[in-house]
Amino acid sequence: MAMFPTKVKILHRLLQSRHPFWSCPSLGGAPCSRLVLGIETSCDDTGAAVLDETGEILGESLHSQKEVHLRSGGIIPTVARQLHRENIERVVQEALERSDTDPSRLSAVATTVKPGLGLSLGVGLEFSQRFVRQHNLPFIPIHHMEAHALTVRMLQPVAFPFLVLLVSGGHSLLAVARGVDDFLLLGHTLDEAPGDTLDKVARRLSLIKHPQCSTLSGGQAIELLAKDGDRMRFPFRTPMGQTYDCCFSFAGLRNQVNMLIMKKEAEEGIEQGTLLSCVNDIAAAAQHTVASHLAKRTHRAILFSKAIGLLPSSSPTLVLSGGVASNQYIRKALTLITDATGLRLLCPPAKFCTDNGVMIAWNGVERLREGKGILPPDVDVSYEPKAQLGVDMTAEVKAAAIRLPSVRMKIPN
């Protein structure tokens, strides 16, 4: 985005006035790290957090819309927008109060502006632009998937470059992270994301009526019931077996599951909406096929990255993040691949895999440190419901046509 010279001068003055360290009256003049407020509203969670430059979480708040959307059978964008509007001011205020931070002490505000649900993104962006203009603060627009990819660096030292698999309810991608804002996209979903597939399977199975699953999301319900299921009973076909790239497709798998459910309902003489006797086995088989598909595409991404020198020869790393990364079965599937290829697998704790304000604030910290993507408060920014991460290399991956060596996907429950 081009900026007029006057805006560049304003930004320069703003950054100069917020030195990397300044005197903290409450600490008797001790130096204070720069502070970033992060705001997240890309889907159905309203999150805010204040972090310092070391990654210490000084205060955070999160409002989940999960219960509302469970009752309606899925996320309704207009409902999500209204709930964000009702809660964002309180959530941000709680994060500031819990961190004992006045807005005047902030160095910048970082907010998710892409990708996500347009109506939800709009609430966070509108609030943030009012806030930074009111308090004369620099603004850092954040790519939601970039934030997921970098969260692990808040928790432990992870040097660039590394491979990242991001899997959630709305997204699925493989990329090489070469820098804070430098990504090579190796693969992405061609239709729906794995979390969306698992949620839809759960709804088709009416798992909300299951006594163990009434308060769980679809993906959580599938994971729970799968523990007592026989994944071998229904051998679903792993998607894209003859396509030698790193892209994903889950819609075909969901169609396989739906066809099986209709067949079993007819066999058991029950109507749609009634729990099947084999529900645990269907959950186990569906989860295993999703995990196998993710693992195989990741395996190819590792081989491709090694072949052309995108990963370091010493201690290469795969980072797994996003909401679906909380699924322990999928983590075990990826562990089989990293063990076979000599990578270390790193996953943030479950609370940092799902959407939250902490990861957005950390992304802001990383960008603030490097002076990348920092805007004056008066620059207009638009949200983007769809947004690619990094430079697209999917054609090069497909052209390489890497065939995978056999890895037995014997994943313990």
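The values are calculated or read from the model by the stated rules, or taken from the named source; none is laboratory data. Given the structure is predicted, the values throughout are model-derived calculations rather than measurements. Positions of Cβ are backbone-derived with ideal geometry, glycine not excepted, and every protein chain shown enters the neighbour counts. Each accessible area value is taken on the protein alone, full model and side chains, heavy atoms only, with ligands, DNA and RNA left out. Shrake-Rupley method; radii C 1.70, N 1.55, O 1.52, S 1.80 Å.
Multiplying the residue separation of S406 and N258 by 0.36 nm and removing their Cα-Cα distance gives an extension gain of 50.4 nm.
For the chain, the longest principal axis of the Cα atoms and the long axis of helix 328-341 meet at an angle of about 90 degrees.
Cross-linked pairs K306/K372; K66/K351; K66/K209; K296/K398; K209/K296: Cα-Cα separations exceed 22 Å for K306/K372; K209/K296. Calculated accessible area for the chain comes out at 43 Å² per residue, all protein chains present (probe 1.4 Å; ligands, DNA, RNA ignored). The label-point distance for E89 and N136, in a model that sets each label 7 Å from Cα toward Cβ, rounds to 2.4 nm. Put simply, the Cα atoms of the stretch 35-172 extend 40, 39, 22 Å along their principal axes, the longest span coming first. Roughly how tilted is helix 357-370, in degrees to the nearest 10 and between 0 and 90, from the longest Cα axis of the chain? The two axes meet at around 50 degrees.
Applying the criteria of a DSSP loop state and at most 14 other Cβ atoms within 10 Å to the trypsin sites (Lys or Arg not before Pro) of the stretch 164-230 yields K227. Just the protein heavy atoms count here, and of the accessible area of the chain at 1.4 Å, carbon and sulfur take up 52 percent. Taking a point 7 Å out from the Cα of S104 in the direction of its Cβ, the residues of the stretch 128-150 whose backbone N falls within less than 19 Å of it are 131-138. Please give the helix 118-135 orientation as an angle from the longest Cα principal axis of the chain, in degrees from 0 to 90, rounded to the nearest 10. That helix lies at roughly 20 degrees to the long axis. Shape call for the stretch 286-367 from the C-alpha gyration tensor, a ≥ b ≥ c root eigenvalues: rounded (a/c under 1.5), prolate (a/b greater than b/c) or oblate? Judged from the Cα gyration tensor, the stretch 286-367 comes out oblate (a/c at least 1.5, b/c at or above a/b). Segment K386..Q156, full-extension length gain: 79.8 nm, with 0.36 nm per residue of separation and the alpha-carbon distance subtracted.
In whole angstrom, the stretch 154-294 maps to an equivalent ellipsoid with semi-axes of 32, 17, 12, each derived as √(5λ) from the alpha carbon gyration tensor and ordered largest first.
Taking 20 Å as the straight-line reach from the Cα of K264, the aspartates and glutamates in range (excluding those fewer than 8 positions away in the same chain) are D199, D228, D230, D281. Note on Rg and Dmax of the Cα atoms in Å: of the candidates (i) 24.8, 75; (ii) 22.3, 75; (iii) 34.9, 151, the value calculated from this structure sits at (ii).
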